[in-house]
1. When the range 148-194 is examined, which residues are found to be among the acidic types (Asp, Glu) and free of Cβ contacts under 8 Å to residues at least 40 places away in the same chain?
2. Take the range 142-194 and flag every residue that is of a type in the set (Lys, Arg), surrounded by fewer than 16 Cβ atoms within 10 Å (Cβ to Cβ) and under 29 Å from residue 34 (Cα atoms).
3. Condition test on residue 142, is it under 17 Å from residue 54 (Cβ atoms), within 17 Å of the chain's Cα centre (by Cα) and of a type in the set (Phe, Trp, Tyr)?
4. Where the second residue is open to solvent by 40 Å² or more (accessible area, probe 1.4 Å) and the first is touching a residue at least 40 places away in the same chain (Cβ under 8 Å) and lies in the range 125-147, which pairs have Cβ atoms under 7 Å and are six or more apart or on separate chains?
5. Filter the range 96-134 for residues that are more than 15 Å from residue 26 (Cβ to Cβ), part of a loop (DSSP other than H, G, I, E, B) and open to solvent by 30 Å² or more (accessible area, probe 1.4 Å) and give the result.
6. Every residue in the range 98-122 that is of a type in the set (Val, Ile, Thr) and modelled with pLDDT of 95 or more, please.
7. So which residues in the range 15-47 are farther than 22 Å from residue 143 by Cβ and touching a residue at least 60 places away in the same chain (Cβ under 8 Å)?
8. State which residue is farthest from residue 144 (Cα to Cα) when the search covers only the range 13-44 and only residues that are of a type in the set (Ser, Thr, Tyr), in a helix (DSSP H, G or I) and open to solvent by 10 Å² or more (accessible area, probe 1.4 Å).
Amino acid sequence: MLNELLKKSTSKEHEELEGIMLTKKIFEESFNLSDYKQVLLTNYEIHRLIEENISNALDTEIQSRLNIKNRRKLPALIKDLGEAQIEPDKKNENHIIIPQFKTNSEALGAMYVLEGAMLGGNVILKQLRKMDVFKNLSLTYYSLYGAGLRENWISFIHELNTSVSDEEACLHKAKEVFHLYAQVAQRNIYSTLK
């Protein structure tokens, strides 16, 4: 199954990204509001840069089967930014390689990263809810799929495993999105920690 191949082939990138995105601090409950704002900004920038391009690369049948409009995360991120009183600015993107997606296989490879982040986001949501500093925030991005999380993941994995015609392109684009996340996170998170 392609989803298993992607999981195995991107495990290094996934582990590296978890470190960059301060996941350890979340589970140690030392994650603070400033950390949250930087992670939130990173997620916002990723979705601002690629979400629409991914959707547009998918053919209309796949968009329909995946109910792609209900998978858009940018509106939830914008809501969370407002709630956290963050005014996003367009940072210099000259040194960032923004992946482009032209086929279903490429777009589904990219979606693998973004949809997988929603699974991790559900675990993160539970951790953040344990910390007083986050009790009054809606955390819309992390709770976006709510009770539909499992169903959304299953339908995505089915689409991935049945609609990808070029596994190499799919894997390549998944890795490009992991690298994009790492670039943006390092700029956002670690530039503020210095």
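1. At the first step, the residues of the range 148-194 found to be among the acidic types (Asp, Glu) are 151, 159, 166-168, 176.
Selection gives 151, 168.
2. Here is the first cut: in the range 142-194, the residues of a type in the set (Lys, Arg) are 150, 173, 175, 187, 194.
Subsequent filtering for residues that are surrounded by fewer than 16 Cβ atoms within 10 Å (Cβ to Cβ) retains 150, 194.
If the condition is that a residue be of a type in the set (Lys, Arg), surrounded by fewer than 16 Cβ atoms within 10 Å (Cβ to Cβ) and under 29 Å from residue 34 (Cα atoms), then 194 is the only one that fits.
3. On the way: under 17 Å from residue 54 (Cβ atoms): no; within 17 Å of the chain's Cα centre (by Cα): yes; of a type in the set (Phe, Trp, Tyr): yes.
Here the answer is no, as residue 142 does not meet what is asked.
4. 127/27; 130/29; 131/29; 133/32; 133/33; 137/83; 138/83; 140/79
5. Residues of the range 96-134 that are more than 15 Å from residue 26 (Cβ to Cβ), as a first pass: 96-116, 118.
Now drop any that are not part of a loop (DSSP other than H, G, I, E, B), which leaves 96-103.
Across the range 96-134, the qualifying residues are 97, 98, 100, 102, 103.
6. Matches in the range 98-122: 103, 113.
7. If the condition is that a residue be farther than 22 Å from residue 143 by Cβ and touching a residue at least 60 places away in the same chain (Cβ under 8 Å), then 16, 20 are the ones that fit.
8. Going residue by residue through the range 13-44, those that are of a type in the set (Ser, Thr, Tyr) are 23, 30, 34, 36, 42, 44.
Next, only the ones that are in a helix (DSSP H, G or I) stay: 23, 34, 36, 42, 44.
From the residues that got through so far, the ones that are open to solvent by 10 Å² or more (accessible area, probe 1.4 Å) too are 23, 34, 44.
On the way: 23: 19, 34: 22, 44: 14 Å.
Out of the qualifying residues, it is 34.
The values are calculated or read from the model by the stated rules, or taken from the named source; none is laboratory data. Keep in mind that what you see is a predicted model, and the values were worked out from it rather than measured. Counting neighbours? That spans all protein chains shown, and the Cβs are built from the backbone with ideal geometry, glycine included. Accessible surface is based on the protein model in full, side chains and every heavy atom, while ligands, DNA and RNA are left aside. Shrake-Rupley method; radii C 1.70, N 1.55, O 1.52, S 1.80 Å.
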